[in-house]
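Right, one structure below, let's go through it.
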């Protein structure tokens with residue numbers, strides 16, 4: 001069953017186990033839009049800091065928001081107003097785009113569930129191992145990439161690890177739902193990549209940590225304004241990471257329901273070790289993060305590729 005067939009079934013409200021609406025997917029989309037609005041707000045603050053600090057010397061602290069010598073207050077207010085309008089337009093475009101895509105996402109999620117439930121029993125073991133390998137590969141890729149882009153996360157990798165665990169654990173808990181929104185991994189991953197890269201536009205903006213630490217390798221403790229921005233940043237990253245891992249955990253949990261507990265756990269463990277080895281191989285070959293995430297996107301849509309081959 002493809003997405004077009006699923007759309008017709010959902011629209012007509014017929015089919016075995018097909019429900020016209022998915023509360024879980026709708027809640028996930030709403031949370032994604034809320035996180036997206038928070039991300040746009042943080043990017044707005046970051047860009048405002050860029051403009052306010054454009055005329056300052058390199059040694060000036062990033063939290064010094066005083067207007068520099070030749071900068072007119074009116075120009076700063078105009079730039080701030082333009083940024084605010086741009087942020088509102090970005091949030092509105094995000095809301096409109098996600099709402100327009102909701103039927104397609106819902107149909108894809110239902111088709112994914114039907115594909116998993118009707119998968120030939122001969123391939124279930126391989127599918128469990130492959131989905132577990134995918135989850136571990138994505139987890140390690142996000143942990144490595146986040147800590148390399150945002151330096152302060154390199155000292156606290158447990159933050160990214162806990163976000164991945166939260167997403168996978170929630171996905172396993174929701175394995176019995178009638179939707180597996182695996183397609184949501186693509187916009188969530190893209191949103192996280194764009195958001196984190198945009199925050200790097202401000203030099204030295206996040207070269208601090210929000211709490212006291214003795215061994216910081218040159219990173220000092222931030223002041224109150226920096227701490228607030230950092231905690232907002234961490235909240236958005238945590239939610240985006242957890243939401244990205246949720247559908248993959250749901251997929252693996254759904255497949256594990258088709259095997260006995262001990263066998264399913266063993267296959268999950270085997271697949272997890274394979275994911276670790278795959279990341280080790282990718283790192284040994286010095287492949288860039290873009291290659292990691294590109295392969296992950298292809299794997300998340302593997303069921304559509306397999307269906308295409310079956311139709312030929």
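Where a number appears in this text, it was derived from the coordinates with a stated rule and is not lab data. Keep in mind it's a predicted model, so treat the numbers as computed, not measured. Every residue, glycine as well, gets a Cβ built from its backbone with ideal geometry; the counts of neighbours run over all protein chains shown.
Points to keep in mind about this one:
- Ascending count of other beta-carbon atoms within 10 Å, so fewest first, for 252, 299: 299, 252
- Remark: spin-label model distance residue 100-residue 235 equals 3.0 nm, labels positioned 7 Å along the Cα→Cβ axis.
- Label-to-label distance, nm, for residues given as residue 290 and residue 260 (7 Å Cα→Cβ offset): 4.9
- Cα centroid of region 147-183 to Cα centroid of region 245-296, whole Å: 13
- Full-extension gain in nm, residue 193 to residue 178, via 0.36 nm per residue minus C-alpha separation: 2.5 nm
- Taking 110, 292, 286 and counting other C-beta atoms within 10 Å, the order from fewest to most: 286, 292, 110
- Extension gain, residue 33 to residue 227, is 67.4 nm, computed as 0.36 nm per intervening residue step minus the present C-alpha separation.
- Panel order for 100, 157, by other beta carbons found within 10 Å of each beta carbon, from fewest to most: 100, 157.
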